[in-house]
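Presented below is the structure to which this report refers.
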Amino acid sequence: MSPNTRHPNNRSKLIIATSEEDADLYYATRFLAPDSFLFVQVRGKKYLILNELEIDRARKEARVDKCFSLTQLRAEHLPKKPLTYIELVAAFLKKQRAKNLLVPENFPIKYADSLRQRGFKIEYAPGLFFESRAVKTPAEIKAIAKAIRHTEAAVRLAIDTIRKTTIRKGRLYLRGKCLTSEAIKKLIRMKLMEDGYLANRLIVACGIQGIDPHCEGYGPLRAHQPIVMDVFPQSIKSRYHADLTRTIVRGKASPKIKKMYAAVKEAQGIAFRMIRAGMDGSKIHGAIQRRFLELGFATGMQQGRMQGFFHGTGHGLGLAVHESPRIGSVKQILRTGNVVTVEPGLYYKDAGGVRLEDVVVVTQKGCRHLTHLAKFLEV
């Protein structure tokens, strides 16, 4: 498939996926289903083709113009020979005069090849299939803010639990039992689940584990070492995500960790002051990189691995935990209504990892904070 970066209006949009996994499909239909179904948008009209298990519910819930069942479409072609799924799809598209198709970059190649063989022209749209997803409505911002409130409550519970531990031989103990990363992750997950959120993956990484930003963490939690907690659950009801990171130390942080923490917090402040509509995200990222270097925190290969600040400053947040726009090394202009994370970090083998992450809404003159949880290092 060839890419199309302009998303032209003369293309009919086609998605074949499951809306439980595909954020673009859910965004287009607001219909949640575990099985794959077809969405097509032709000249502003939205249509769905689903199996009989979902058709009645879709007709009540989906925000589209019309729903068709596979049985209904097959009946229209009897007594001709039974048609395969893709033959039915092709017949439906031809009936709608949808010959030029724009599909997402993850569109199944088996369907793309079959449709091309039947005379359809297919191009794919890299990135967000619906560019409007990048600019959140007030309702979407409210859903994200609600997710953040519940995430803050779960992280606050985790921090309070760690604060209550006793220190024995460098490890943390709670009611006589060694406290582990797994135990804190379970505590966070259970709290979120009670509130209607799922956190299938999250990070509670202690000490040297924290220098890998995506290490989920394992084993005993240790005193006097940084514990990075990164929690990014999804609402079961609204499907919108939160994303929140805090780094704490139970006991006394080393001088280097204290300096790293202060630098990361200062870097967040730089981003908060620079974020506004029309700003190039790469300039924000570059300013943070330069400040880290001025403070003595170099980035590069050290002892066989990357150390310092080697990931992006932030990313869009919504129906997916990582979406457009990005605040990183690639030029990307921020717009009013973008919801983005701000998460600089520093990672060194002789100290551990430090990362802080908040979420803001981009406004015309600056940004509005959605995250309210306090920041402190030692507990």
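G312: within 18 Å of the chain's Cα centre (by Cα), in a loop (DSSP other than H, G, I, E, B), crowded, with 22+ Cβ neighbours inside 10 Å and of a type outside the set (S, T, Y), yes or no? So G312 does not fit the description; no. Quick check on the stretch 193-209. Is at least one of its residues open to solvent by 50 Å² or more (accessible area, probe 1.4 Å), modelled with pLDDT of 95 or more, of a type outside the set (F, W, Y) and in contact with a Leu (Cβ under 9 Å, 6 or more places away or on another chain)? There is at least one residue in the stretch 193-209 that is open to solvent by 50 Å² or more (accessible area, probe 1.4 Å), modelled with pLDDT of 95 or more, of a type outside the set (F, W, Y) and in contact with a Leu (Cβ under 9 Å, 6 or more places away or on another chain). Quick one: is K237 open to solvent by 70 Å² or more (accessible area, probe 1.4 Å) and assigned to a helix (DSSP H, G or I)? So K237 fails the test. Give the stretch 324-359 a look and list any residue that's closer than 18 Å to F310 by Cα, crowded, with 24+ Cβ neighbours inside 10 Å, out of contact with any Gly (no Cβ under 8 Å at 6 or more places or on another chain) and aliphatic (A, V, I, L, M), or say none. Once the filter is applied, which keeps residues that are closer than 18 Å to F310 by Cα, crowded, with 24+ Cβ neighbours inside 10 Å, out of contact with any Gly (no Cβ under 8 Å at 6 or more places or on another chain) and aliphatic (A, V, I, L, M), the stretch 324-359 yields nothing. Only a single item in (1) closer than 27 Å to L198 by Cβ; (2) in contact with a Leu (Cβ under 7 Å, 6 or more places away or on another chain) is not met by G308, and it is number (1). Looking at E378, is it surrounded by 19 or more Cβ atoms within 10 Å (Cβ to Cβ) and touching a residue at least 40 places away in the same chain (Cβ under 8 Å)? Against the criterion (surrounded by 19 or more Cβ atoms within 10 Å (Cβ to Cβ) and touching a residue at least 40 places away in the same chain (Cβ under 8 Å)), E378 does not qualify. The residues of the stretch 106-162 that are under 22 Å from R201 (Cβ atoms), of a type in the set (G, A, S) and without any contact (Cβ under 8 Å) to a residue 60 or more places away in the chain amount to a single one, A153. Would you mind listing the helices (runs of 4 or more DSSP H) fully within the stretch 61-175 where at least 3 residues are exposed (fewer than 12 other Cβ atoms within 10 Å of the Cβ)? It comes to 109-117, 138-163.
Within the stretch 34-82, being of a type in the set (G, A, S) and over 29 Å from the mean Cα position of the chain (by Cα) holds for S69, A75.
The values are calculated or read from the model by the stated rules, or taken from the named source; none is laboratory data. For clarity, every value in this text was computed on a predicted model and none was experimentally measured. Quick reminder, even Gly has a Cβ in these numbers, built from the backbone with ideal geometry, and neighbours come from all protein chains shown. For the accessible areas, the whole protein counts, side chains as well, though only heavy atoms, and no ligand, DNA or RNA atoms are used. Shrake-Rupley method; radii C 1.70, N 1.55, O 1.52, S 1.80 Å.
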